[in-house]
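What follows draws every value from the coordinates through simple rules; no lab data is involved. The structure displayed is predicted, hence computed values, not measured ones. Quick reminder, even Gly has a Cβ in these numbers, built from the backbone with ideal geometry, and neighbours come from all protein chains shown.
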Amino acid sequence: MKHKLMLVASLAAFTVACSATGDLAVLDDSLGLSQVSVFDVPAPAAFEYRDLDPKVAGVLPRAWEEAPPQIPHRVDRYLPVNARLNKCLECHEEPDKIGNKQSGKPTPMSASHYIGSGKDLAVANNRYVCTLCHAPQTEAATLVDNTFQKAP
Ligand code: HEC
Ligand code: HEC
C-alpha cells in the first residue's frame, strides 16, 4: 500500500513537472552568449591586437605558475607559422640561454619546448605552432563577465 501511494505521488509530481516545463518558453535571445536573438547576425566591435614592437613590449603578468605567457608584442609580422617558416623561433629558440631571461630581449623558450638533452636540443614538434598555447593580446572588452583572478 505504501509503495502504491508513493508511486501515485511520484506520477503526480512528474505530470506537474511536465506541464510546468511545457509552459516554459526559451527565448531566442537567451540561447547563446551573445545576448541577442539567434536570428540576428551580431557584429562584435572591431578590435586590434597590440602592435608593440618586441623591443618595447615588456612582458605581461602570468595568470598562474606554469601558464603559457601571453604574447606581449605584435604578431602580424610573424604569423602564420608554417612548415617552412617560423618567425617566433628566429627570436625565441635559444637553447643555450634557457632560464636566462634578460629584460627587453626575447625570453628563451623553456626546456619543456625541446627534445633531446645536454647541448643536443631540438624544438619539440608539439611546440612548433606557438599560438596553440600563447595568445596575442588586445584591449577588447570581455564578452561575458567572469570572476577570474590571477593566482596571488
Ligand atoms: C623580432 C624578435 C621576436 C619575434 C619574431 C617574436 N618575439 Fe616574442 N618576444 C620578443 C621579445 C624581445 C620579447 C620580450 C620583451 C621584453 O622582455 O621586454 C618577447 C616576448 C614574448 C613572450 C612573453 C615571454 C615572457 O617572458 O612572458 C611570448 C610568449 C612570446 N614573445 C611569443 C612569441 C611568439 C608566439 C612569436 C611568433 C608569433 C614571437 N614571440 C615572435 C621578440 C620576438
Ligand atoms: C602546447 C602548448 C605550448 C606550445 C605549442 C608552445 N608553448 Fe611556450 N609555453 C607553454 C607553457 C605551458 C609555458 C610555461 C611553462 C614552461 O615554461 O614550460 C611556456 C613558456 C614559454 C616561454 C617562457 C619561458 C620562460 O623561461 O619563462 C616562452 C618564451 C615560450 N613559451 C615561447 C614559445 C614559442 C616561441 C613557441 C613556438 C615555437 C611556444 N612557446 C610553443 C606552452 C606552449
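A Förster radius of 35 Å combined with the Cβ-Cβ distance from residue 150 to residue 27 puts the calculated FRET efficiency at roughly 0.50. The alpha carbon centroids of the stretch 35-80 and the stretch 94-152 are separated by 14 Å.
If R0 is taken as 22 Å, the Cβ-Cβ distance between residue 105 and residue 135 corresponds to a FRET efficiency of 0.55. When each of 91, 133 is scored by the number of other beta-carbon atoms lying within 10 Å, the sequence from fewest to most is 133, 91.
Hull volume per residue, based on the alpha-carbon atoms of the stretch 54-132 and their convex hull, is 106 Å³.
Sites listed here are trypsin sites (Lys or Arg not before Pro) in the stretch 77-119 whose DSSP assignment is loop and whose Cβ has at most 10 other Cβ atoms within 10 Å: 77, 84, 119.
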